[in-house]
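Some notes on the structure that comes next.
The values are calculated or read from the model by the stated rules, or taken from the named source; none is laboratory data. All values derive from a computational prediction rather than experimental measurement. Cβ atoms come from the backbone with ideal geometry, glycine included; neighbour counts cover every protein chain shown.
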Amino acid sequence: MTRPAFKRILLKLSGEVLMGSGQFGIDPETVDRVAGEIAAAKEAGFELCVVVGGGNIFRGLAGAAKGFDRTSADYMGMLATVMNALAVQNALEKIGCDTRVQSAIPMASVCEPYIRRKAVRHMEKGRIVIFAAGTGNPFFTTDTTAALRAAEMNCDALFKGTSVDGIYNADPKQVPDAVRYESISFDQVLTDNLKVMDASAIALCRENHIPIVVFNIREEANLAKVLAGEGTATIVQN
Ligand code: UDP
(Lines give C-alpha, C1' and ligand atoms only; values in the text may rest on other atoms or scores of the structure.)
Protein backbone atom coordinates (compact mmCIF):
# COMPACT_ATOMS: atom_id res chain seq x y z
CA MET A 1 0.00 0.00 0.00
CA THR A 2 1.33 3.47 -0.86
CA ARG A 3 0.79 6.17 1.71
CA PRO A 4 0.48 9.85 0.83
CA ALA A 5 3.77 11.74 0.47
CA PHE A 6 4.00 14.91 2.52
CA LYS A 7 6.09 18.05 2.03
CA ARG A 8 6.69 19.70 5.39
CA ILE A 9 7.64 17.13 7.96
CA LEU A 10 8.36 17.07 11.64
CA LEU A 11 10.71 14.19 12.42
CA LYS A 12 10.66 12.89 15.98
CA LEU A 13 13.87 11.10 16.92
CA SER A 14 13.62 9.23 20.17
CA GLY A 15 16.75 9.28 22.28
CA GLU A 16 17.16 5.52 22.11
CA VAL A 17 17.67 5.74 18.35
CA LEU A 18 20.78 7.87 18.92
CA MET A 19 22.45 5.32 21.17
CA GLY A 20 22.75 2.86 18.26
CA SER A 21 23.47 -0.62 19.53
CA GLY A 22 24.70 0.74 22.87
CA GLN A 23 22.73 0.76 26.11
CA PHE A 24 23.20 4.42 26.94
CA GLY A 25 24.34 7.76 25.55
CA ILE A 26 25.14 8.97 22.06
CA ASP A 27 26.70 6.78 19.36
CA PRO A 28 28.47 9.15 16.91
CA GLU A 29 28.26 6.69 14.01
CA THR A 30 24.51 6.35 14.40
CA VAL A 31 24.06 10.11 14.69
CA ASP A 32 26.10 10.56 11.50
CA ARG A 33 24.02 7.97 9.66
CA VAL A 34 20.72 9.54 10.74
CA ALA A 35 22.03 13.02 9.89
CA GLY A 36 22.99 11.77 6.43
CA GLU A 37 19.46 10.51 5.89
CA ILE A 38 17.97 13.81 7.09
CA ALA A 39 20.30 15.71 4.73
CA ALA A 40 19.26 13.45 1.84
CA ALA A 41 15.59 14.13 2.60
CA LYS A 42 16.28 17.85 2.57
CA GLU A 43 18.11 17.44 -0.74
CA ALA A 44 15.10 15.58 -2.11
CA GLY A 45 12.94 18.64 -1.46
CA PHE A 46 11.31 17.93 1.90
CA GLU A 47 11.07 20.71 4.47
CA LEU A 48 12.19 19.28 7.76
CA CYS A 49 12.27 20.14 11.40
CA VAL A 50 13.29 17.75 14.15
CA VAL A 51 12.31 17.09 17.77
CA VAL A 52 14.83 15.01 19.70
CA GLY A 53 14.10 12.94 22.79
CA GLY A 54 16.43 12.33 25.69
CA GLY A 55 15.69 8.79 26.86
CA ASN A 56 19.21 7.61 25.92
CA ILE A 57 20.55 9.85 28.67
CA PHE A 58 17.88 10.60 31.24
CA ARG A 59 14.14 10.13 31.69
CA GLY A 60 12.23 12.05 34.34
CA LEU A 61 10.02 9.15 35.33
CA ALA A 62 12.98 6.81 35.82
CA GLY A 63 14.78 9.48 37.84
CA ALA A 64 11.71 10.01 40.03
CA ALA A 65 11.48 6.25 40.63
CA LYS A 66 15.03 6.41 42.02
CA GLY A 67 14.15 9.20 44.42
CA PHE A 68 14.70 12.43 42.50
CA ASP A 69 12.03 15.06 42.76
CA ARG A 70 9.89 14.57 39.62
CA THR A 71 10.09 18.14 38.39
CA SER A 72 13.89 18.27 38.85
CA ALA A 73 14.16 14.91 37.10
CA ASP A 74 12.07 16.18 34.20
CA TYR A 75 14.31 19.24 33.85
CA MET A 76 17.28 16.86 33.76
CA GLY A 77 15.50 14.94 31.01
CA MET A 78 14.90 18.15 29.07
CA LEU A 79 18.59 19.07 29.38
CA ALA A 80 19.45 15.62 28.02
CA THR A 81 17.50 16.46 24.86
CA VAL A 82 19.69 19.55 24.40
CA MET A 83 22.80 17.35 24.33
CA ASN A 84 21.18 15.15 21.69
CA ALA A 85 20.11 18.20 19.67
CA LEU A 86 23.67 19.52 19.64
CA ALA A 87 24.94 16.10 18.53
CA VAL A 88 22.44 16.01 15.64
CA GLN A 89 23.22 19.61 14.72
CA ASN A 90 26.94 18.88 14.70
CA ALA A 91 26.50 15.85 12.47
CA LEU A 92 24.31 17.82 10.04
CA GLU A 93 26.67 20.78 9.86
CA LYS A 94 29.64 18.48 9.18
CA ILE A 95 27.93 17.46 5.95
CA GLY A 96 27.03 20.99 4.95
CA CYS A 97 23.44 21.34 6.22
CA ASP A 98 22.40 24.69 7.56
CA THR A 99 20.72 24.13 10.94
CA ARG A 100 19.53 25.90 14.04
CA VAL A 101 18.85 24.47 17.48
CA GLN A 102 16.04 26.16 19.38
CA SER A 103 15.58 25.32 23.03
CA ALA A 104 12.34 25.67 24.97
CA ILE A 105 14.54 26.43 27.99
CA PRO A 106 16.53 29.50 27.01
CA MET A 107 20.31 29.00 27.16
CA ALA A 108 21.72 31.90 25.21
CA SER A 109 25.32 30.76 24.93
CA VAL A 110 24.41 27.32 23.58
CA CYS A 111 21.55 27.79 21.12
CA GLU A 112 18.62 29.99 20.22
CA PRO A 113 15.54 30.18 22.42
CA TYR A 114 12.39 28.71 20.92
CA ILE A 115 10.63 31.48 19.00
CA ARG A 116 8.00 30.17 16.67
CA ARG A 117 8.15 32.91 14.07
CA LYS A 118 11.92 32.67 13.93
CA ALA A 119 11.73 28.91 13.50
CA VAL A 120 9.30 29.35 10.59
CA ARG A 121 11.66 31.86 9.01
CA HIS A 122 14.60 29.45 9.37
CA MET A 123 12.61 26.78 7.58
CA GLU A 124 11.67 29.19 4.82
CA LYS A 125 15.38 29.87 4.37
CA GLY A 126 15.99 26.15 3.95
CA ARG A 127 17.47 25.51 7.39
CA ILE A 128 16.72 22.43 9.43
CA VAL A 129 15.42 23.47 12.84
CA ILE A 130 16.08 21.11 15.74
CA PHE A 131 13.81 21.65 18.71
CA ALA A 132 15.38 20.91 22.10
CA ALA A 133 14.29 20.87 25.75
CA GLY A 134 10.86 19.47 24.98
CA THR A 135 8.02 21.85 25.74
CA GLY A 136 10.07 23.44 28.52
CA ASN A 137 7.61 22.08 31.08
CA PRO A 138 7.92 19.10 33.41
CA PHE A 139 5.32 16.31 33.20
CA PHE A 140 5.39 16.35 29.41
CA THR A 141 7.24 14.18 26.90
CA THR A 142 9.06 14.85 23.70
CA ASP A 143 6.25 13.01 21.86
CA THR A 144 3.86 15.73 23.01
CA THR A 145 6.50 18.28 22.06
CA ALA A 146 6.64 16.76 18.58
CA ALA A 147 2.85 17.02 18.19
CA LEU A 148 2.89 20.60 19.49
CA ARG A 149 5.74 21.77 17.27
CA ALA A 150 4.24 19.96 14.25
CA ALA A 151 1.05 21.97 14.77
CA GLU A 152 2.91 25.24 15.40
CA MET A 153 5.10 24.78 12.32
CA ASN A 154 2.13 23.81 10.12
CA CYS A 155 3.68 20.46 9.31
CA ASP A 156 1.81 18.10 6.99
CA ALA A 157 2.77 15.08 9.07
CA LEU A 158 4.69 13.89 12.08
CA PHE A 159 7.18 11.09 11.36
CA LYS A 160 8.05 9.13 14.46
CA GLY A 161 11.37 7.40 13.92
CA THR A 162 11.63 4.53 16.36
CA SER A 163 12.90 0.96 16.76
CA VAL A 164 9.78 -0.82 15.46
CA ASP A 165 8.38 -0.75 11.96
CA GLY A 166 4.90 0.43 12.90
CA ILE A 167 2.00 -0.15 15.27
CA TYR A 168 0.93 -3.70 16.13
CA ASN A 169 -2.25 -5.02 17.73
CA ALA A 170 -0.03 -6.54 20.45
CA ASP A 171 3.62 -6.29 21.45
CA PRO A 172 5.43 -8.14 18.62
CA LYS A 173 8.28 -9.05 21.02
CA GLN A 174 5.81 -10.91 23.29
CA VAL A 175 3.19 -12.07 20.79
CA PRO A 176 4.80 -13.70 17.71
CA ASP A 177 1.67 -13.47 15.52
CA ALA A 178 0.92 -9.82 16.35
CA VAL A 179 -0.37 -7.98 13.29
CA ARG A 180 0.93 -4.62 12.08
CA TYR A 181 -1.60 -2.00 11.04
CA GLU A 182 -1.04 -0.26 7.69
CA SER A 183 -3.38 2.48 8.75
CA ILE A 184 -5.24 3.13 11.97
CA SER A 185 -7.44 5.93 13.32
CA PHE A 186 -6.48 8.22 16.18
CA ASP A 187 -9.60 7.05 18.01
CA GLN A 188 -8.63 3.40 17.79
CA VAL A 189 -5.12 4.12 19.05
CA LEU A 190 -6.66 5.87 22.05
CA THR A 191 -9.44 3.39 22.79
CA ASP A 192 -7.19 0.34 22.41
CA ASN A 193 -4.51 2.13 24.44
CA LEU A 194 -1.86 1.23 21.86
CA LYS A 195 1.61 2.24 22.95
CA VAL A 196 2.62 4.51 20.10
CA MET A 197 2.88 7.92 21.67
CA ASP A 198 1.32 9.25 24.83
CA ALA A 199 -2.37 10.11 24.73
CA SER A 200 -1.84 13.88 24.80
CA ALA A 201 0.37 13.69 21.69
CA ILE A 202 -2.22 11.56 19.87
CA ALA A 203 -5.06 13.90 20.88
CA LEU A 204 -3.12 16.98 19.75
CA CYS A 205 -2.45 15.44 16.33
CA ARG A 206 -6.05 14.31 16.01
CA GLU A 207 -7.41 17.79 16.78
CA ASN A 208 -5.02 19.40 14.33
CA HIS A 209 -5.41 16.77 11.59
CA ILE A 210 -1.72 15.91 11.54
CA PRO A 211 -1.14 12.30 10.45
CA ILE A 212 1.51 10.35 12.34
CA VAL A 213 3.76 7.94 10.46
CA VAL A 214 5.47 5.41 12.73
CA PHE A 215 8.49 3.73 11.19
CA ASN A 216 11.80 2.07 12.00
CA ILE A 217 14.60 4.59 11.68
CA ARG A 218 17.20 2.03 12.78
CA GLU A 219 16.79 0.43 9.36
CA GLU A 220 19.25 2.06 7.01
CA ALA A 221 17.82 4.27 4.23
CA ASN A 222 14.29 3.74 5.55
CA LEU A 223 13.61 7.45 6.13
CA ALA A 224 13.76 8.17 2.38
CA LYS A 225 11.37 5.30 1.66
CA VAL A 226 8.74 6.28 4.20
CA LEU A 227 8.97 9.95 3.23
CA ALA A 228 8.18 8.86 -0.32
CA GLY A 229 5.11 7.03 1.00
CA GLU A 230 6.73 3.63 0.59
CA GLY A 231 8.40 1.15 2.92
CA THR A 232 6.96 -0.45 6.02
CA ALA A 233 5.21 1.85 8.45
CA THR A 234 1.87 2.57 10.08
CA ILE A 235 -0.01 5.78 9.45
CA VAL A 236 -2.33 7.15 12.13
CA GLN A 237 -4.96 9.47 10.73
CA ASN A 238 -8.56 10.59 11.16
N1 UDP B 1 10.61 16.15 29.32
C2 UDP B 1 9.84 17.05 30.04
N3 UDP B 1 9.02 17.91 29.36
C4 UDP B 1 8.93 17.91 28.00
C5 UDP B 1 9.70 16.97 27.27
C6 UDP B 1 10.54 16.10 27.96
O7 UDP B 1 9.88 17.08 31.26
O8 UDP B 1 8.19 18.73 27.45
C9 UDP B 1 11.57 15.30 30.05
C10 UDP B 1 10.96 14.04 30.62
O11 UDP B 1 11.56 13.80 31.87
C12 UDP B 1 11.38 12.97 29.63
C13 UDP B 1 12.75 13.45 29.21
O14 UDP B 1 12.61 14.86 29.17
O15 UDP B 1 11.46 11.69 30.22
C16 UDP B 1 13.26 12.92 27.89
O17 UDP B 1 12.23 12.95 26.92
P18 UDP B 1 11.51 11.63 26.38
O19 UDP B 1 11.40 10.62 27.48
O20 UDP B 1 10.25 12.06 25.72
O21 UDP B 1 12.57 11.14 25.31
P22 UDP B 1 12.50 9.89 24.30
O23 UDP B 1 11.69 8.81 24.94
O24 UDP B 1 11.87 10.37 23.04
O25 UDP B 1 13.93 9.54 24.08
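Below are the figures for this structure:
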| quantity | calculated |
| --- | --- |
| Qualifying residue in region 206-214 (condition: farther than 23 Å from Arg8 by Cβ, over 15 Å from the mean Cα position of the chain (by Cα) and not hydroxyl-bearing (Ser, Thr, Tyr)) | no |
| Test: residue in region 65-75 that is surrounded by fewer than 24 Cβ atoms within 10 Å (Cβ to Cβ), assigned to a loop (DSSP other than H, G, I, E, B), within 13 Å of the ligand (Cβ to nearest atom) and under 15 Å from the mean Cα position of the chain (by Cα) | no |
| Selected residue (criterion: nearest to the ligand (Cβ to nearest atom)) from residues of region 9-25 that are surrounded by fewer than 19 Cβ atoms within 10 Å (Cβ to Cβ), over 14 Å from the mean Cα position of the chain (by Cα) and not aromatic (Phe, Trp, Tyr) | Gly25 |
| Failed criterion for Asn56 (all others in (1) in a loop (DSSP other than H, G, I, E, B); (2) more than 8 Å from the ligand (Cβ to nearest atom); (3) out of contact with any strand residue (DSSP E or B) (no Cβ under 8 Å at 6 or more places or on another chain) hold) | (2) |
| Residue check for Ala35: hydrophobic (A, V, I, L, M, F, W, C), within 18 Å of the chain's Cα centre (by Cα) and away from the ligand (no atom under 16 Å from the Cβ) | yes |
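Residue-by-condition table, conditions (1) at pLDDT below 95; (2) surrounded by fewer than 19 Cβ atoms within 10 Å (Cβ to Cβ):
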{"site": "Arg149", "(1), (2)": "no, no"}
{"site": "Glu152", "(1), (2)": "no, yes"}
{"site": "Thr162", "(1), (2)": "yes, no"}
{"site": "Asp165", "(1), (2)": "yes, no"}
{"site": "Gln174", "(1), (2)": "yes, yes"}
